[in-house]
Every structure is written in structure tokens, then in C-alpha cells.
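Input: a single structure, listed below in C-alpha cells.
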Amino acid sequence: MTLAQEHPIGRPTKIRKRGLLSYQTKMRLLPLAYVTPATSRFALLVLYPMVAVLRYSLLDRAITKKDAAFVGLENYQTTFSDPVFWQAAGHTLYFTVMSVIFHLLIGLAFALMLNSERINPTIRSVLRVLYILPWLFTAVIIAIIWRLLLDPEGVINGVLMSLHIVDFKVEWFSSPRTALHALTFVNIWAGYPLYMVSLLAGLQGIPRDLYDAASIDGAHAFQKFRHVTIPQLTPIMISIALLDFIWTMQVFALVWMTTGGGPIYITETLSTYTYKLAFSRYQFSLASASAVCILILSMSMTYFYIKHQKAR
Amino acid sequence: MAKRSLGRTVLPTALTYVGLAIGLVFAVFPILWMFFASLKSNTEIFALPPQLLPKRFTIVAYLSIFNDPTKIRFFFNSYLVAGTVAILTVFIAILAAYAFSRFSFRLKNALNVFIISTQTVPPITLLIPYFGMVVAFRIFDTYFALILTYLVFTLPYAILLMTGYLNTLPRELDEAVLVDGGTSWSALWRVIVPLSVPGIVATAVYTFLLAWNEFLFALTLTKSIDMRTVPIGIELLMGQHAFEWNEMMAMSVLGSLPLLLIYLFAQRYFLAGMTAGSVKA
């Protein structure tokens, strides 16, 4: 994503000297003045906190103790030797990978169906509006909708039992066997529309000539899909999948409101693990160490995302 | 010939419609269930066999929310915080976008990359130092704590959206002001801003929704019941009376109302914001 083309504005036709600063100096400082309100916020809200969290992670009892002592990497050692941290990392990875794969598959399937010329255009535009709906709801509301639907006494169990698919009331969110899968399913439901919208825009941007050329060469529908549609959509798919991966990895509200990380630690993710360390146990230094790990993971993915965006 | 057209067109068309119908149930059923559950009595929600439509429509859940000043306050807080964040964000973003769109300056590319990467900084990482900062600034449990920290995730979007929009406006328009001896400041406010109303609306709408939906910072940086926003209100309702499902569903319907209204009446703006982060401007 490029923010702007390079065009210096108002090339000076004559050098005016007004006040203390020369025209050139003014023109150099002017854009900086316009970005200062934004950059000062970023310095306060991004740069300073990153330095602070790094510092906390190297201290003994940051925030809670006045002159916390420097302890080097001790908090990292403690974090890495905690089996729950690794469990949380494993759950986060499973949750994220499954979410991204199914978001992509469902998003692509819906986009292709909506783009199909076989479908009546009115139905198509109505469905497009309706298919985006899950994306509108905030995580807390998604969580309680699905807690109601997946309640042991709820409608999903009711339907599954009357179809004899299950023969007892499954406790989707509180059974260790199903909790993580149920959570992942809910996230899949909530997240596919972003892919659908972007891929639909991508599909509509594919030049017709490419399909016409493929037809002349005798390609049938699947070959056109495989050799025209997919290559044309790949850049969009990669960039959304990378962003989705980063965001899904940071999931908090949905987990917090459905399972809270339980039962035991079955659905603990890196975010809930870190949150509990900080705000239930007030171990801010340990939490910071864990938070720095999440930051490093996110930033390394971001590196690929930006590289990919620049290459596009 | 008839057989051939059956295989070639009718069957794929039928299959596509079946796929679309399955997709429709998948996408919409949970939302309809929420909506109709909010109009049921609490006992009817778990009635067997399950039924989507209420046997007896009742608005008792909504009435109990409207009669509870604490719950009204959640909505007031959410509107106040999200509205203020939207206004502040748009103002700061316009200035930055103007610089990005109309000037070339040192550090511009670095700043661009920095802003894009800010979108992916994990909120949980920022939360711990924010907690320390908010306590140190003595703004813990105030609107300021939320308004200030929300800017971190609204600004990057807003700057990208606004820059994309300004890039579509011909530069001759504002250059004319400069040629006539006007300042860049007056070119911005007298020419660019009036022409950017659609972009400003898109940015404000999307920013409002981001702030309206925020959960983690609101959970941690406020404490008293008077400062809580709608998502936290729903969380509290869940903890307090875990069995008042119809009320929680009514709260969710009301909490989704701004999004649904904006989505239905200003889809164009909404989709612009939704894809700003992932699609090349």
C-alpha cells in the first residue's frame, strides 16, 4: 500500500523570503507539522509502550513494586518453563491456522457463488448483504449468541439429537474434548466475510479477456478456475490471510466470553494467558515477558505482510 | 441436446442455489435466533422442540433494559466514547493524510511502513504499559483513558483511508489556492475538506464502529459500573444473572443496532473501511 505519489507541491517560481525561515525550510517543515498530531500520538501510544513493556519484562515485579530490580532474562526463563505457556501457544496456533484455512475456503466459495452468472442478480445482491452480517457483530455479542446456540439445552443440541447425530446433551464449551473446536468454529463463522468481500472485489477485477483467451484455447470451467481465477486472486488471498493470521493470533474477547480459557487450560490462548498473569495474578513482569513474545511473533508476521504489500 | 443442456447448465445452477441456501442458513440463522430470542420469554427460549419464532412475542426484555439507568448508562458511555474517538481520529487523520498525499518529505516512507505495521501490534502487549500509564496520568476509570488509548487502533486505518481518498482528488484544485497566494492550511480547509466529505464519512463511520466494539481496553482501563461500555455491560450481565438470556439477547440487539443501521444505509462507506487494511489503496 503506497500512501501517496511523490509530487512536491507548489514548486517555488520565485524565492520569497518572509519571516525568519526561508521558503525552502518552510516547505520542508510544513508536512512535518501536519503529521505531528498523528506521530506524537503514535510515539505516546506505540513506541513508548513497547519500550515500557520490554523494560517491565526485565524487572522483578514491575508496576506493583516501586523500585523493581533488574533481573535480566529471568522472567523469560520462568515463562518458557511454564507448560501452560506452551499449551496456550499450541492452542493459539491450532485456532489460528484452522481459522485462516476455513475463512479462506468459505470466503472463496461464497465469493465464487455470488460472482456466478447463473444466479439472478437481485438474489445475488441480497445474499451479498446477508452473507456479510456475521462480520458486523462484535466479539462479545458473537460469544453470547453462540453460548445460547451451543448451550447443552440449546437449539444445536436439540437439532442434532432429533437427527440422532448425537445421543446426549453435548457441553460444547465446557467439555475438554469439544471446547477448542467449538471456539474455533465460532471464530470461523465470524471471520469469513472479510475474505468474501475482498475476493469478490478481486473476482470482479479479473479482465474478461483472460477467460475469453482461455476459452479459445479450449479450457473447460475447472481449468479456467485453476489457471486464471486462482492466480489472479493469489495476491489478495496472501495479504488477507497474513493479516487474518496476525489478528486471529491475538484473539482475546471471544475466548474470554465463551470459555475464559477453560475448562482447565484447554482453550487458553497466548492473549488470555497473558491477561490472567497481569490482571488476575498481578504478575506484570511475567505478563510482560509473555506479551513481548506475542509482539515478536506478530511483528515477524507483519514483516512478511509489508514485504508482500510492497511487492504487489 | 436437452440432456446436454441439463448437465451443462441446469445442474450447476441448481447446485449453486443449494450452496447459496446452505450458506444463507450458516450466515443468518444464529443472528435470527438472537433477534427472536430477545422477543421471547426466558422460559420459551429453551422450549422443546426448538422454535425460531416466539409463540408469544414480548418486549419485556427491552423494557427491563430501558427501565434500568445502569444499562442506559452503558449505551450513553459507548456513544460518547465512540463519537469522541471518531471526531478526534478524523481530525488528526485529515492533517496527516494531507501531508502524505500532497507533500514529499523525509521519513515519509518510513512513517508509512510504521503506520501500516501499527495495525498489527497486539493489543494485549500494549495493554500492560497502558495500564501503568493510565494510572500514572491519573485517568484510570475515566472516559479519557478509553478515548486516548482507542486512537492507537483507529488512527492507522483512518490515515490510510483518508490518504487513499485524498489521492483521488485532483491536485490542481488545491494548487490553485496556493497559486493565488493562499496558504496550504486554507487550501486544506477551504478546498480539500469540503470535497472529501464521502471519505470523511467513511472514516468516521468505521472509526466509530471500531471504538464501539472495543472490549479489552474497556475491560481493563475502567472499573466502576458508571464508566462501562456496552460490550462490558453485556459481560457483566452474563456474570450477574446467567439465566436472563432474553435480556442478554435484547442487549446484544441494541448493541448491534448502530452497526446494522450504518451497514444497511451506508454500505458503501462501511465496505470501504472494512477492506482498507487489506486491499491496496
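Laboratory data are not the source of any read-out in this text; all were calculated from the coordinates shown. Treat the numbers as computed from the prediction; the structure is a model and nothing was measured. Neighbour counts run over all protein chains shown; Cβ positions are idealised from the backbone, glycine included.
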Rounded to whole Hz, the Karplus (6.51, -1.76, 1.60) HN-Hα couplings of the stretch A:109-119, x for glycine and proline: 4, 5, 5, 5, 5, 5, 7, 5, 7, 6, 9
Charge dipole of chain A about the Cα centre (unit charges at C-beta), most positive-ward option of A:V155, A:S298, A:L105: A:S298
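About its Cα centre, how strong a charge dipole does the stretch B:61-276 have in debye, to the nearest 20, once Lys and Arg get +1 and Asp and Glu get -1 at the Cβ? Provide the component values of the computation, followed by the final result.
Values: 11 positive and 11 negative charges, 81 e Å.
Around 380 debye, computed over the stretch B:61-276.
Taking beta carbons within 10 Å but only from partner chains, what does the mean come to for residues A:109-115? Numbers along the way, then the final one.
Numbers: counts 4, 5, 0, 2, 8, 3, 0.
Taking all residues of A:109-115 together, the mean is 3.
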Where only alpha carbons of the stretch A:250-312 are counted, the Rg and the Dmax (Å): 14.5, 45
Of B:Y150, B:Y17, B:Y206, the one that fluctuates the most in a GNM where chain B has Cα springs shorter than 10 Å: B:Y17
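Rank-order B:219-229, A:280-290, B:57-67, B:107-117 by packing density, defined as the average count of other C-beta atoms within 10 Å over each peptide's residues, highest first.
Details: B:219-229: 18.6, A:280-290: 22.5, B:57-67: 14.7, B:107-117: 16.9.
Listed from highest to lowest mean packing, they are A:280-290, B:219-229, B:107-117, B:57-67.
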Value of Rg/Rh across chain A [Cα atoms, Kirkwood radius]: 1.08
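Enter the mean number of other protein chain beta carbons within 10 Å of the beta carbon of each residue in B:20-28, as an integer. It would help to have the intermediate numbers written out before the result.
On the way: counts 11, 1, 2, 10, 4, 0, 7, 13, 5.
Across the residues of B:20-28, the mean count of other-chain Cβ atoms within 10 Å is 6.
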Relative contact order (%) - criterion: Cα under 8 Å, at least six apart; region: the stretch A:87-235: 34 percent
Magnitude of the charge dipole, the protein assembly as shown, Cβ model with Lys/Arg +1 and Asp/Glu -1, debye to 20: 1680 debye
Within the stretch B:1-89, trypsin sites (Lys or Arg not before Pro) in DSSP loop having at most 11 other beta-carbon neighbours inside 10 Å: B:K55, B:R56
Radius 15 Å from Cβ of A:D209, net charge of other residues (Lys, Arg +1; Asp, Glu -1): 0
From phi via Karplus (6.51, -1.76, 1.60), per-residue ³J(HN,Hα) for the stretch A:45-51 in Hz, x at Gly/Pro: 9, 10, 5, 4, x, 5, 5
Amide hydrogen neighbours beyond the local backbone of A:S22, cut-off 5 Å, H modeled: none
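If you take each beta carbon of peptide B:89-98 and count the beta carbons of other chains within 10 angstrom, what is the mean? Don't jump to the answer; show the numbers that get you there.
On the way: counts 2, 0, 1, 8, 2, 3, 7, 10, 5, 5.
Partner-chain Cβ atoms within 10 Å, mean over residues of B:89-98: 4.
Given only helices, namely DSSP H runs of n ≥ 4 each adding -39500 (n - 2.57), what is the per-residue ellipticity at 222 nm of chain B, to the nearest 500 deg cm²/dmol? The partial results should precede the final answer.
Values: 15 runs with 204 residues, N = 281.
Only helices count here, giving -23500 deg cm²/dmol.
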Most mobile listed residue (A:P134, A:P193, A:P31) in chain A, GNM with C-alpha springs under 10 Å: A:P31
Within chain A, helix-based [θ] at 222 nm, where runs of 4 or more DSSP H residues each add -39,500 (n - 2.57), nearest 500: -22000 deg cm²/dmol
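What size of dipole, in debye to the nearest 20, comes out for chain A about its Cα centre when the only charges are +1 on Lys and Arg C-beta atoms and -1 on Asp and Glu C-beta atoms? Present the calculation step by step, with values, prior to reporting the outcome.
On the way: 26 positive and 15 negative charges, 382 e Å.
Around 1840 debye, computed over chain A.
On alpha-carbon atoms, Rg over Rh for the stretch B:48-95 using Kirkwood Rh?
Values: Rg = 18.8 Å, Rh = 14.1 Å.
Rg divided by Rh gives 1.33.
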Between helix B:230-240 and chain B: long-axis angle, C-alpha atoms, 0 to 90°, nearest 10: 30 degrees
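Working from the alpha-carbon coordinates of the stretch A:85-229, get Rg over Rh, Rh being the Kirkwood radius. Present the calculation step by step, with values, prior to reporting the outcome.
On the way: Rg = 19.5 Å, Rh = 17.9 Å.
Here the Rg-to-Rh quotient is 1.08.
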Distant-in-sequence amide H partners of A:L59 (H built 1.01 Å from N, under 5 Å): A:V71
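Could you work out the local net charge near B:A96, counting Lys and Arg as +1, Asp and Glu as -1, over the other residues with Cβ closer than 14 Å to its Cβ? Walk me through the numbers before you get to the answer.
Numbers: positive: A:R41, B:R102, B:K108; negative: none.
Result for the local shell: +3.
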For the protein assembly as shown, the spread of Cα positions along each principal axis, largest first, Å: 85, 79, 50
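Given the convex hull over the Cα atoms of chain B, what projected area results after averaging over all orientations, in nm²? Show your work: numbers first, answer last.
Details: hull surface 92.6 nm².
It is 23.1 nm².
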Extreme residue, positive dipole direction of the stretch A:87-235, given options A:H181, A:A139, A:A89 (C-beta unit charges): A:A139
Cα coordinate range in the stretch B:104-255, projected on the principal axes (Å, largest first): 67, 35, 25
Choice from B:L126, B:L237, B:L24 showing the highest fluctuation, given a GNM over chain B with Cα pairs closer than 10 Å: B:L24
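Report the local net charge at B:G233: Lys and Arg +1, Asp and Glu -1, summed over other residues whose C-beta lies under 9 Å from its C-beta. Before the final figure, lay out the partial values.
On the way: positive: B:K71, B:R73, B:R228; negative: B:E235.
My count for the surroundings of B:G233 gives +2.
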